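Q: This is the structure I have questions about; it appears just below.
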Amino acid sequence: MNDPQNVKTKNRLKIAVLVRRFITTGGMERYVVEVTRRLARQHDVHVFCQERSWDGDEDITFHRIPKYFTRPSVLNLLVFSHYTRKYLDESFDIVHSHERVTHFDTLTVHCPCFRTFITEQEIWWKRLILWVSVATSPRKMTYMWLEKRQFRDNGNRIWIAVSDKVRKNVQKNYNLPDKCFGLAYPGVDMDLMKKRYNEENRETKRSGLGIDKDDLVILFVGTEFKRKGLDALLEGFSLITRNDTKLLIAGGGDQREYLKAARRLGIEDRVIFLGLVEGIENVYAISDIYILPTLSEPAGMSPMEAMAAGLPTVLSSPKYAGSSELIKNREAIILENPDQPKEIAEALSRLMDKDLRKDLGARGRSLARDLTWERTTEDTLSVYKRILQSRGEGLDTR
């Protein structure tokens, strides 16, 4: 162990952030932007990216990485990995990647491992067939190769998981000890979530969407409808017989099959598709309940944002949703079986009680108040400190 008296201490780091798209739409991309901009308030931050959309006040240096093509994505990823390695030099104190590249000091893991689709298959002969499918697919083989390099322990790397669910998934697929990990959940911008409409403005906004002022509005936010559980949600919502309920669906995706499902279930006039939404806080402000019956979510931002906005929340259990790990004191209604419409309907029926909605909304908001992007950034910096200490260096954050 390094002698603390001999540790060279720094108070300003030069940090390289590797991400293909430095933009504010998309869960992973927004996570990167929120943390990076806060790092830049204290340190010298350089972002290596292929595209960016940035209008913040923080002083960030951008380095453009070539993008010769978008598809296939794996080739684009190889190009990104090659050029970032080429452009990086020894002047950086920390190389922090958010992509599957071969070179970094720390890497934030935003999603389950690629090889999960094989390791979660319990029947041996089906697992064998999946391995054969990998061996005959250049795309899959390349992803496997990159991922294996990504999770190779060289004795100095530390991985940052966005939830404990993600950490456990990595450890199930690759032999990495607990000491190789940090944890940094997505945060919430509490200032943004403070938006409140007065009754007149709220009514006007609702009216523009065909919602009456006394309607009970249930909000779903997600960009991958099937994975986020919209199929079961529509069926569960159809079991709610109150005609003064509306279901708002915000997020990108092919709406056609879900519009057909709404018609088949007889709820077409109570379901409103908003598409991709800029300024989602405005939608929280006109909603009464938030629900995400996801079947797979590493660490979604929208549940905690909804709680921060004061919305009573229904969420899948930690088996399915990483953000549920944070629910400790009945701050949300938890779905043990999010694929079961009846369980969804029962949860929503409970929230027809105004007093319960008020109590749950207050509990959720209290929880979210501590889950800020500043906390996410501090958790990230704590990993940087561990890396520096392993080199005989230190970080003074006073």
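Coordinate-derived values only; no laboratory data. Quick caveat, the model's predicted, so the values are computed rather than measured. FYI the Cβ positions are ideal-geometry reconstructions off the backbone, even for glycines, and counts take in every protein chain you see.
Q: Taking every Cα atom in the chain, find the radius of gyration and the maximum pairwise distance Dmax, and write them in Å.
A: Looking at the chain, its Cα Rg and Dmax stand at 22.5, 72 Å.
Q: What size of dipole, in debye to the nearest 20, comes out for the chain about its Cα centre when the only charges are +1 on Lys and Arg C-beta atoms and -1 on Asp and Glu C-beta atoms?
A: Charge dipole of the chain: 1240 debye, to the nearest 20.
Q: Within the set LYS148/LYS179; LYS205/LYS319; LYS126/LYS342, which residue pairs have Cα atoms separated by over 28 Å? It would help to have the intermediate numbers written out before the result.
A: Working: LYS148/LYS179 19 Å; LYS205/LYS319 36 Å; LYS126/LYS342 32 Å.
Listed pairs above 28 Å: LYS205/LYS319; LYS126/LYS342.
Q: In addition: Could you sort 369-376, 276-283, 228-235 so that the peptide with the highest average Cβ count within 10 Å comes first and the rest follow in order?
A: Result, highest mean Cβ count within 10 Å first: 228-235, 369-376, 276-283.
Q: In degrees from 0 to 90, rounded to the nearest 10, what is the angle of the helix 138-150 Cα long axis to the longest principal axis of the chain?
A: Around 70 degrees separate the two axes.
Q: OK, next. Starting with the highest mean, order 301-308, 340-347 by the number of other Cβ atoms within 10 Å, averaged over the residues of each peptide.
A: Packing order, densest peptide first, comes out as 301-308, 340-347.
Q: Starting from the Cα coordinates of the stretch 1-147, work out the convex hull volume and express it per residue in Å³.
A: 153 Å³
Q: In addition: Output the 0 to 90 degree angle, nearest 10, between the alpha-carbon long axis of helix 164-173 and the longest principal axis computed from the alpha carbons of the chain.
A: Orientation of helix 164-173: about 60 degrees from the principal axis.
Q: Between the helical axis of 354-368 and the dominant principal axis of the chain, each derived from Cα atoms, what acute angle in degrees is found, rounded to the nearest 10?
A: 10 degrees
Q: List the aspartates and glutamates whose Cα lies under 15 Å from the Cα of LYS213, skipping any in the same chain that are fewer than 8 positions away.
A: Leaving aside aspartates and glutamates fewer than 8 places away in the same chain, those within reach of LYS213 are GLU199, GLU200, GLU203, ASP244, ASP288.
Q: Can you list the lysines whose alpha carbon is less than 19 Å from that of LYS10, not counting same-chain residues fewer than 8 positions off?
A: Within the straight-line limit of under 19 Å, LYS10 reaches these lysines: LYS385.
Q: Using just the helices of the chain, give the 222 nm mean residue ellipticity in deg cm²/dmol: DSSP H runs with n ≥ 4 each add -39,500 (n - 2.57), and the total is spread over all residues, rounded to 500.
A: That comes out to -11500 deg cm²/dmol.
Q: Report the residues of the stretch 215-235 in range of a label on ARG264: point 7 Å along Cα→C-beta, backbone N strictly under 19 Å from it.
A: Residues passing the 19 Å test: 225-235.
Q: Next question. Semi-axes, largest first, in whole Å: what does sqrt of 5 times each Cα gyration tensor eigenvalue give for the stretch 190-368?
A: Working: eigenvalues 87, 82, 49 Å².
Values for the stretch 190-368, descending: 21, 20, 16 Å.
Q: At a threshold of 8 angstrom on Cα-Cα distance, excluding pairs fewer than six apart, so keeping six or more, what relative contact order does the chain reach in percent?
A: On the way: 702 pairs, mean separation 68.5, N = 398.
Taking the mean separation of contacting Cα pairs over the length of the chain, I get 17 percent.
Q: Only four residue types carry charge here, +1 at the Cβ of Lys and Arg and -1 at the Cβ of Asp and Glu. Report the dipole size of the stretch 190-368 about the Cα centre in Debye, rounded to the nearest 20.
A: On the way: 27 positive and 29 negative charges, 19 e Å.
Using Cβ point charges on Lys, Arg, Asp and Glu, the stretch 190-368 gives about 80 debye.
Q: How large is ³J(HN,Hα) for each residue in the stretch 213-226, as worked out from phi by the Karplus curve 6.51 cos²θ - 1.76 cosθ + 1.60 (θ = phi - 60°), to whole Hz, x for Gly and Pro?
A: 5, 9, 5, 8, 9, 9, 10, 10, 10, x, 9, 10, 4, 5
Q: Follow-up question, since we're still on this one. Given the stretch 190-368, what percent of its DSSP beta bridges are antiparallel, to the nearest 5?
A: Values: 0 of 19 bridges.
Around 0 percent antiparallel, to the nearest 5.
Q: Cross-link partners among aspartates and glutamates for LYS226, C-alpha distance below 18 Å, same-chain residues fewer than 8 apart left out?
A: Answer for LYS226, where 18 Å is the Cα cut-off: GLU235, ASP254, GLU257, GLU297, GLU336, ASP339, GLU343, listed by chain and number.
Q: Run the numbers for LEU274 and ASP244: contour at 0.36 nm per residue of separation, minus the present Cα-Cα distance, in nm.
A: Taking 0.36 nm per residue and subtracting the Cα distance, the gain is 8.9 nm.
Q: P(r) for the stretch 70-205: what percent of alpha-carbon pairs falls in each 10 Å bin, starting at zero?
A: With 10 Å bins starting at 0, P(r) equals 10, 31, 29, 15, 9, 5, 0.
Q: Can I ask one more? Just subtract the alpha-carbon distance of LYS168 and ASP254 from 0.36 nm times their residue separation and send over the number in nm, one decimal.
A: So the extension gain works out to 27.8 nm.
Q: Here's a follow-up. Report, in debye and to the nearest 20, how large the dipole of the stretch 265-338 comes out about its Cα centre when Lys and Arg carry +1 and Asp and Glu carry -1 on their Cβ.
A: Here the stretch 265-338 has a charge dipole of around 260 debye.
Q: What full-extension length gain, to one decimal in nm, is calculated for LEU176 and ARG139 as 0.36 nm per residue of separation minus the Cα-Cα distance? Can you show the working numbers first?
A: Working: separation 37, 0.36 × 37 = 13.32 nm, distance 2.52 nm.
Here the segment from LEU176 to ARG139 would lengthen by 10.8 nm.
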